[in-house]
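Worksheet for the structure shown next.
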């Protein structure tokens, strides 16, 4: 069974590092998207799928605020020991555009790992089918999640959506892991012509009975639509929220969302109580 909602929350005893990390490599995957590989065994050895870091983007403190970035992959040496991690970034503004200009050898100040992780089955839990549903740069946390699920013997399938074929992410990652991938694009340039729910819903309708868990990350309307599909199928869904945040530590309250609380609702911080939530607890507006 999955741990109860909130079981992935950061505990005070868990270490959070604030370190200057050397950039190993910057690799472009499209004109708007790139991968940063950083040294950082301290963070890499302790991160879990779904967590994130806060990183500086410039070399002179401008912009002042760090940017939240999902942990994409853990980098390992020939012995399998964690030596660093990577982040998958899309250029959306000044900060991410500055990150795109960084060079190997540059130093970024990174705070992490932060936030809750996806709640995956405990070792020994009967195998289930795990369906990863993503859109755009929301694909970033899922290769690491797929690795953990496969390591425990679970079946994994990925549903990847994007506006156009050039912006599809992580498809090759899943293929390298042996994970079946279904693709959709808004403009029909690759795979299903339409939203990612257009390939998810028929799959759920056609699958055999059995335990299954869904995970989603991407634009808010996409996650809301996946929630509706999962609810209709009677399947649990964990959603990972992307939100602007200034500190990543819960102090600034700039990243709150509404969660159900008894007969009403209350605010929860994406950086602390999230970014991963049970979709049934979210107040979808």
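What follows is calculated from the coordinates using simple rules that are stated; it is not laboratory data. Quick caveat: nothing in here was measured; it's all calculated off a predicted structure. Cβ coordinates were reconstructed from backbone atoms using ideal geometry, including for glycine residues, and neighbour counts include every protein chain displayed.
Tabulated data
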| read-out | value |
| --- | --- |
| Candidate set: region 207-233, residues that are within 19 Å of residue 125 (Cβ to Cβ) and touching a residue at least 40 places away in the same chain (Cβ under 8 Å); chosen: the one surrounded by the fewest Cβ atoms within 10 Å (Cβ to Cβ) | 210 |
| Within region 234-246, tally of residues that are surrounded by fewer than 18 Cβ atoms within 10 Å (Cβ to Cβ) and closer than 17 Å to residue 111 by Cβ | 3 |
| Residue within region 78-100 that is part of a loop (DSSP other than H, G, I, E, B), in contact (Cβ under 8 Å) with a residue 40 or more places away in the chain and touching a helix residue (DSSP H, G or I) at 6+ places or on another chain (Cβ under 7 Å) present | yes |
| Total residues in region 101-126, condition free of Cβ contacts under 8 Å to residues at least 40 places away in the same chain and on the phi < 0 side of the Ramachandran plot | 2 |
| Which listed residue, of 210, 250, is in contact with a strand residue (DSSP E or B) (Cβ under 6 Å, 6 or more places away or on another chain) and in a loop (DSSP other than H, G, I, E, B) | 250 |
| Filter result (free of Cβ contacts under 8 Å to residues at least 12 places away in the same chain, over 19 Å from residue 145 (Cα atoms) and surrounded by fewer than 15 Cβ atoms within 10 Å (Cβ to Cβ)) within region 172-204 | 188, 193, 194, 202 |
